[in-house]
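See below for the structure under consideration.
The values are calculated or read from the model by the stated rules, or taken from the named source; none is laboratory data. On a predicted model such as this, the values are computed, not experimentally measured, just so you know. Here the Cβ positions follow ideal geometry from the backbone for every residue, glycine too, while neighbour counts run over all protein chains shown. Note: accessible area is taken over every heavy atom of the protein model, side chains too, but ligands, DNA and RNA are not part of it. Shrake-Rupley method; radii C 1.70, N 1.55, O 1.52, S 1.80 Å.
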Amino acid sequence: MSYDPLDHDFERGMRNRRSVLGDAWVDRSVSNATNFNAEFQNLITRFAWNEIWGRPGLDHKTRRIIVLAITIALGRWEEFELHVRAGLLGDPATRLTPDEMKEVLIQSAIYAGVPAGNTAFTHAQQILREVGEQIGYTVTPMKPADTFHSGIGKEGRSSGSPSLHYSVRTPRNGKAPRHTIVLSHAIGCDLMMWDALANQLSADCKVITYDHRGHGSSEKADGLYSMAELADDAAHMLRDLDTGPVIWVGLSMGGMVGQELALRHPSLVRALVLANTTSSYPEAAQLAWQQRISTVREQGIEAIADAVMGRYFHDRFRAQNASTVARFRERLTSTDAAGYVGCCNAVGTVDTTARLGEINAPTLVIAGELDQGTPLSMSEALVSGIRGAKLAVIKDASHVSAVEQPQAFAELVTDFIQTL
């Protein structure tokens, strides 16, 4: 019978140890082994690095994050520094970005205590200063009062009248934004409908979300609105923020505003994603919008809320995601009635069909397979009218497709952005 001279447990452990901590540290550690501690080095290599780190149930990056949190909680600062340094410089598959490292430390401070979190930031920041040039990250002075929640963005108000409430998320990678993206919401919603997508896109892009006039925290204006006015509101905000050309992602009313913005202010639009929207409605639908205005004026938004939810979300989604539907219903019914009515008029009278050929921005049109409010034929009309536009249809999605099928929607948007 043959005998294998390799200790498989030890070799597997060394492989994992090198992958997680890097060759330089492991070589230095092993070379310093003596007759006094070599057995201990063998033990931890077989036990910690093979028996534990070799288990496939968690990937190495997740295990690294667990180690960082525990070493903070226990005050094991030598081990913490080892994993911070390896986490910033190690194998790309297990590496943490400075933003991810920061989130681990903030999360740990909640559960391990602020003093431990403060010490962890001190140690980690010193290492960042040492290795920053290698990873393209610079530690620079910043006032605490100038910070903002990365999952919400820095909030502000436009200088126009009515003033729009907006939020700006800057790239979390700390680098210059790859693109500036605006996410524009549907009628009866607000900027929060985009939180998940905004946080995904802001990994390397600047992302702006905002509330249309008469919605959320934006001001309302008296009377009925036109789509041109909504587009001018957006243009004023973008000029306030000095964005330059943006990628406009608009759903329903947001897509209508995007069309009008590209026509009235073409220098502000780099590309368009027009989701669950239309360039015009047939006469029967226009009359339905006017009827909605009358109903809201006479009975309030509550009178139309259930019908609107039936259009926003298909039956199965409403049955399986009652809390999500309830949240959107509450947002709808808490919207200022005058602002909602004003936007109903803008939506019901939208008409860019004859001018679609003037849009020169690259355009992706997204339709929901089950959308009754803006059926597939309306998306097909947009694609026919806008030169070079592409159409994508999301299965099992009704009108608010970005909420019903968030992953499919996000993939379409990110894949489109990659082509620009």
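Restricting attention to region 25-47, the residues that are open to solvent by 70 Å² or more (accessible area, probe 1.4 Å) and either modelled with pLDDT of 90 or more or not in a helix (DSSP H, G or I) (or both) add up to 11.
Restricted to region 133-179, and to residues there that are in a helix (DSSP H, G or I) and in contact with a Leu (Cβ under 9 Å, 6 or more places away or on another chain), the residue that is most open to solvent (accessible area, probe 1.4 Å) is Gln134. Among the residues making up region 396-420, those that are open to solvent by 60 Å² or more (accessible area, probe 1.4 Å), part of a helix (DSSP H, G or I) and within 23 Å of Ala361 (Cβ to Cβ) are Glu411, Asp415, Gln418.
Scanning region 380-390 for residues that are open to solvent by less than 70 Å² (accessible area, probe 1.4 Å) and among the small types (Gly, Ala, Ser), we see that the one that is nearest to Asp315 (Cα to Cα) is Ala381.
In region 215-229, the residue that is most open to solvent (accessible area, probe 1.4 Å) out of those that are in a loop (DSSP other than H, G, I, E, B) and closer than 16 Å to Gly348 by Cα is Leu224. Among the numbered conditions (1) surrounded by fewer than 15 Cβ atoms within 10 Å (Cβ to Cβ); (2) under 13 Å from Val104 (Cα atoms); (3) among the basic types (Lys, Arg), the only one that Arg64 does not meet is (1). Any residue at all in region 247-259 that's open to solvent by 10 Å² or more (accessible area, probe 1.4 Å) and either farther than 18 Å from Gly348 by Cβ or modelled with pLDDT under 95 (or both)? The answer is no; no qualifying residue exists. Assess whether Leu82 counts as being closer than 17 Å to Ile66 by Cβ, touching a residue at least 40 places away in the same chain (Cβ under 8 Å), in a helix (DSSP H, G or I) and of a type in the set (A, V, I, L, M, F, W, C). Yes; evaluated as a whole, the condition is true for this residue. Annotation: Gln107 fulfils all but one of (1) at pLDDT 95 or above; (2) surrounded by fewer than 16 Cβ atoms within 10 Å (Cβ to Cβ); (3) closer than 30 Å to His212 by Cα; the unmet one is (3). Those helices (runs of 4 or more DSSP H) of region 236-315 in which at least 2 residues are under 18 Å from Met193 (Cβ atoms) and in contact (Cβ under 8 Å) with a residue 60 or more places away in the chain, considering only elements entirely within it, cover 253-264, 302-312. When you check Val393 against the structure, is it within 25 Å of Asp315 (Cβ to Cβ) and surrounded by fewer than 19 Cβ atoms within 10 Å (Cβ to Cβ), yes or no? Yes; evaluated as a whole, the condition is true for this residue.
Give me the residue from region 48-61 that is of a type outside the set (D, E, K, R) and within 31 Å of the chain's Cα centre (by Cα) and, out of that set, most open to solvent (accessible area, probe 1.4 Å). Applying the filter and picking the extreme gives Pro56. Quickly run through region 319-337 and pick out the residues that are open to solvent by less than 50 Å² (accessible area, probe 1.4 Å), aliphatic (A, V, I, L, M) and farther than 15 Å from Ala186 by Cα. Result: Ala337, single match.
The residue list Pro92, Pro115 contains one member that is open to solvent by 50 Å² or more (accessible area, probe 1.4 Å) and either more than 30 Å from Arg15 (Cα to Cα) or in contact (Cβ under 8 Å) with a residue 40 or more places away in the chain (or both), which is Pro115. Within region 157-183, residues that are among the small types (Gly, Ala, Ser) sit with their Cβ atoms under 7 Å from residues that are open to solvent by 60 Å² or more (accessible area, probe 1.4 Å) and in a loop (DSSP other than H, G, I, E, B), at 6+ positions apart or across chains, in these pairs: Ser163/Glu219; Ser167/Ile152; Gly174/Tyr137. Within region 319-365, the set of residues being in contact (Cβ under 8 Å) with a residue 60 or more places away in the chain, of a type in the set (Gly, Ala, Ser) and within 27 Å of Ala221 (Cβ to Cβ) comprises Ala338, Gly339, Gly342, Ala346, Gly348.
If you take the residues in region 335-367 that are among the β-branched types (Val, Ile, Thr) and more than 30 Å from the chain's Cα centre (by Cα), which one is farthest from Val393 (Cα to Cα)?
Per the stated criteria, the residue is Thr349.
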